[in-house]
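Below: the structure, in structure tokens.
The values are calculated or read from the model by the stated rules, or taken from the named source; none is laboratory data. The shown structure was predicted, so the numbers you read here are calculated from the model rather than taken from an experiment. Cβ coordinates were reconstructed from backbone atoms using ideal geometry, including for glycine residues, and neighbour counts include every protein chain displayed. All accessible areas refer to the heavy atoms of the entire protein, side chains included, with ligands and DNA or RNA removed. Shrake-Rupley method; radii C 1.70, N 1.55, O 1.52, S 1.80 Å.
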Amino acid sequence: MKFEEIAKYLERVEITTGRIEMINILTELYRKIEDPQDAAILSYIILGEIHPPYKGYELGMSEKLITRAIAFASGYDSSEVEKRLNVLGDIGRVAEEFISKKKQKTLFTEVLTLRKIYNTFNKIAQTTGEGSVDMKIKLLTGLLINASPLEAKYIARLADGNMRLGVADMTILEALANAKGSRERKPILEEAYNKYPDIGEIAKILYSEGWEGIQKVDVTPGIPLRPMLAERVRSPEEAWEKLKGRLAAEFKYDGERMQIHILGNGEVQIFSRRLENITHQFPDVVEAVKKHVKLERGIIEGEALAFDPDTGDFRPFQELMRRKRKHDIHETAKQIPVTLRLFDLIYDGQSYLKKTFPERRRRLEEIIDENELIKVSELIYPKTLEELKKFFLLSVEQGFEGLMIKSTGPDSIYQAGNRGWLWIKLKRDYRAELTDTLDLVVVGALYGRGRKAGLLSSYLMAVYDPENDVFKTVCKVGTGFKDEDIMEMNRLLKPYIRDRKPARVVSQMEPDVWVEPAIVLEITAAEITLSPIHTCAYNQIEKNVGLALRFPRFTGRYRMDKSPEDATTEKEVIEMYQRQKKIVVEGE
Ligand code: AMP
């Protein structure tokens, strides 16, 4: 397929401000595709990737390199291109502009196809070592020389890894379901994708093997699955009632979630909650797993905690983040050793997704040879509510976050990528009135005044509504940010700033700038109130009214481990509101 045709669709997606319209355009595009491989490539490219993120391919093209390729292809000086980039802030628009006024006209231009773009980017990703920078620039220049201005816009953005379309994986799944059946089939695609989150592979299977093929997709060592998520309650009583006393309770550890894959050839891979391959940060965990996990091939899950080897005490979550920055990882691993608390088993040669929690746990206990570095999580099967309460206090006393309470019923399967009542979190009190913190997504920002003039210093925050795959606003927050946080926020938000409302954001407020949903922050607040301006729970509690946080405050914790789709959901906020109301009424 010609890339020009695709670029026209991408442009239509870019300018639409409605999600339904966006899906319709993408559906139309997918209907034009026949070849399974093209469907795969297209899906990656729409997301600004050439491989699924867990493979960890880096194109290695900084803005500077892309700028140079644009300069070569258009015959202008790099400094001119850079100047324009400082004004426009979007490498795509810069490429479009310079290619449209390029100095030397090429005599024989090659027609760019989807395959050509993909193959060239693949080459760019694989080019390493001496002379690789020049080679990468040369390859990109080759594409830009043959590109129309519109094509150049999306080629440059692909090189930058940011297509600025506001399309997420769920949006693509919906368009694929439409194109090859109907919207009603999206859950089938979603289930397959949760077990095998490679958008290209899923598209390819759908185009080559149809819905039957999609239903056969299962977990596979080496391919991270989307993690199971938990609902929340505020008291042990509530959890007990929800699960009718059929439950297990575990300490909730405050560390980093790890999905550990044992590949069968002796290799171990570790994936983060966001499915990034983080194996290289944890050589010590790899060694411990090789020694102490008795599995040929498998997938297990747990929480990694930093600890002090002298005292055996656990260290704060932030310490683990230092592992991301350090170059000499073996040295850091010695300074900040980690210990694993494993809490689930997903694969041991066969898939355990459909087995009950007690079965998975039993198997997990069988295959771990426990020691200081690797243990199963602390767990009880309480027979009474009293026992559950005591265990909660014990967890808090020992400095943990609270409990994870898990159903042990016949339906207690591992729900990849889903939040449900099979897992429930019960967190300790944060001594705010609203006892829970929320993880909210930045969707807009406003400039400050005085000392903070010119800096984006308050932020429009949103919850996620997974049913409609949109983000709905719930507060504006400017409290709790230290000066260095504001600098950090301005740096973090820069690539996501937009001049029109991103299609998946639902908002009645107009911030100074819009922000593509990407950054998640932990927020506390005094309470949840009815609000005429915020769109969270709009029309769901009362007509023309939504819910908002009163006196929101940033806790200082950036939730980089969460993607925007992992943020607190609209439904959770409604439940928190209703619980809060109940307490007020009861207290009256
Ligand atoms: P939250 O990040 O607040 O949504 O809480 C859910 C997270 O708690 C999971 O993603 C895990 O990283 C973490 N966690 C800690 N201990 C456990 C446990 N025993 N079982 C499951 N998850 C746990």
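When the residues of the stretch 289-347 are filtered to those that are of a type in the set (Ser, Thr, Tyr) and modelled with pLDDT under 80, which remaining residue is most open to solvent (accessible area, probe 1.4 Å)?
Checked the stretch 289-347; the qualifying residue most open to solvent (accessible area, probe 1.4 Å) is Thr311.
Which numbered condition trips up Thr384, out of (1) more than 13 Å from the ligand (Cβ to nearest atom); (2) within 30 Å of Ala192 (Cβ to Cβ)?
The failed condition is (2).
Within the stretch 270-298, work out how many residues are in a strand (DSSP E or B) and more than 15 Å from the ligand (Cβ to nearest atom).
Number of matching residues: 4.
Filter the stretch 447-480 for residues that are surrounded by fewer than 18 Cβ atoms within 10 Å (Cβ to Cβ), in contact with a Gly (Cβ under 8 Å, 6 or more places away or on another chain) and aliphatic (A, V, I, L, M) and give the result.
Leu455
Here is a yes/no grid of residues against (1) over 23 Å from the mean Cα position of the chain (by Cα); (2) modelled with pLDDT of 95 or more:
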| residue | (1), (2) |
| --- | --- |
| Thr479 | yes, no |
| Met489 | no, yes |
| Lys494 | no, no |
| Arg500 | no, no |
| Ser507 | no, yes |
| Val515 | no, yes |
| Val520 | no, yes |
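Restricting to strands (runs of 3 or more DSSP E) lying wholly in the stretch 481-588: which have 2 or more residues that are open to solvent by 30 Å² or more (accessible area, probe 1.4 Å) and within 16 Å of the ligand (Cβ to nearest atom)?
553-558
Taking the stretch 11-24 only, how many residues are in contact with a helix residue (DSSP H, G or I) (Cβ under 8 Å, 6 or more places away or on another chain) and crowded, with 21+ Cβ neighbours inside 10 Å?
Here the count works out to 3.
Condition first: at pLDDT below 95 and away from the ligand (no atom under 16 Å from the Cβ). Can you find one or more residues in the stretch 198-218 that meet it?
no
Looking at the stretch 40-58, can you tell me whether even one residue there is over 22 Å from the mean Cα position of the chain (by Cα) and either at pLDDT 90 or above or among the acidic types (Asp, Glu) (or both)?
no
Which of the numbered conditions does Leu247 fail, given that it passes all the others? Conditions: (1) open to solvent by less than 10 Å² (accessible area, probe 1.4 Å); (2) more than 16 Å from the ligand (Cβ to nearest atom); (3) assigned by TED's automatic domain parsing to the domain that holds Tyr347; (4) hydrophobic (A, V, I, L, M, F, W, C).
Among (1) open to solvent by less than 10 Å² (accessible area, probe 1.4 Å); (2) more than 16 Å from the ligand (Cβ to nearest atom); (3) assigned by TED's automatic domain parsing to the domain that holds Tyr347; (4) hydrophobic (A, V, I, L, M, F, W, C), Leu247 violates only (2).
Among the residues of the stretch 256-269, write down those that are open to solvent by 10 Å² or more (accessible area, probe 1.4 Å) and within 16 Å of the ligand (Cβ to nearest atom).
Across the stretch 256-269, the qualifying residues are Glu256, Arg257.
Just checking, does the stretch 186-207 include any residue being part of a loop (DSSP other than H, G, I, E, B), touching a strand residue (DSSP E or B) at 6+ places or on another chain (Cβ under 6 Å) and crowded, with 19+ Cβ neighbours inside 10 Å?
Yes, because at least one residue in the stretch 186-207 is part of a loop (DSSP other than H, G, I, E, B), touching a strand residue (DSSP E or B) at 6+ places or on another chain (Cβ under 6 Å) and crowded, with 19+ Cβ neighbours inside 10 Å.
Each row is one residue, and each column tells you yes or no for (1) within 14 Å of the ligand (Cβ to nearest atom); (2) open to solvent by less than 20 Å² (accessible area, probe 1.4 Å).
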site: Arg362; (1), (2): no, no
site: Glu370; (1), (2): no, no
site: Phe391; (1), (2): yes, yes
site: Glu401; (1), (2): yes, yes
site: Asp411; (1), (2): no, no
site: Lys427; (1), (2): yes, no
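Only one of (1) small (Gly, Ala, Ser); (2) more than 15 Å from the ligand (Cβ to nearest atom); (3) modelled with pLDDT of 95 or more; (4) farther than 22 Å from Gln578 by Cβ fails for Ala462. Which number is that?
Unmet for Ala462, out of (1) small (Gly, Ala, Ser); (2) more than 15 Å from the ligand (Cβ to nearest atom); (3) modelled with pLDDT of 95 or more; (4) farther than 22 Å from Gln578 by Cβ: (4).
Quick check, is Ile117 β-branched (Val, Ile, Thr) and within 16 Å of Arg68 (Cα to Cα)?
No, not satisfied.
Would you tally the residues in the stretch 432-445 being modelled with pLDDT under 95 and either of a type in the set (Gly, Ala, Ser) or more than 13 Å from Ala525 (Cβ to Cβ) (or both)?
So the count comes out to 1.
Give the residue that is surrounded by the most Cβ atoms within 10 Å (Cβ to Cβ), with candidates limited to residues of the stretch 37-73 that are aromatic (Phe, Trp, Tyr) and assigned to a helix (DSSP H, G or I).
Within the stretch 37-73, the match that is surrounded by the most Cβ atoms within 10 Å (Cβ to Cβ) is Tyr44.
Going through Val513, Val505 one at a time, which residue ends up being under 22 Å from Ile172 (Cα atoms), in contact with a Gly (Cβ under 9 Å, 6 or more places away or on another chain) and of a type in the set (A, V, I, L, M, F, W, C)?
Val505
Out of everything in the stretch 223-244 that is open to solvent by 10 Å² or more (accessible area, probe 1.4 Å) and assigned to a loop (DSSP other than H, G, I, E, B), what residue ends up being nearest to the ligand (Cβ to nearest atom)?
Per the stated criteria, the residue is Pro227.
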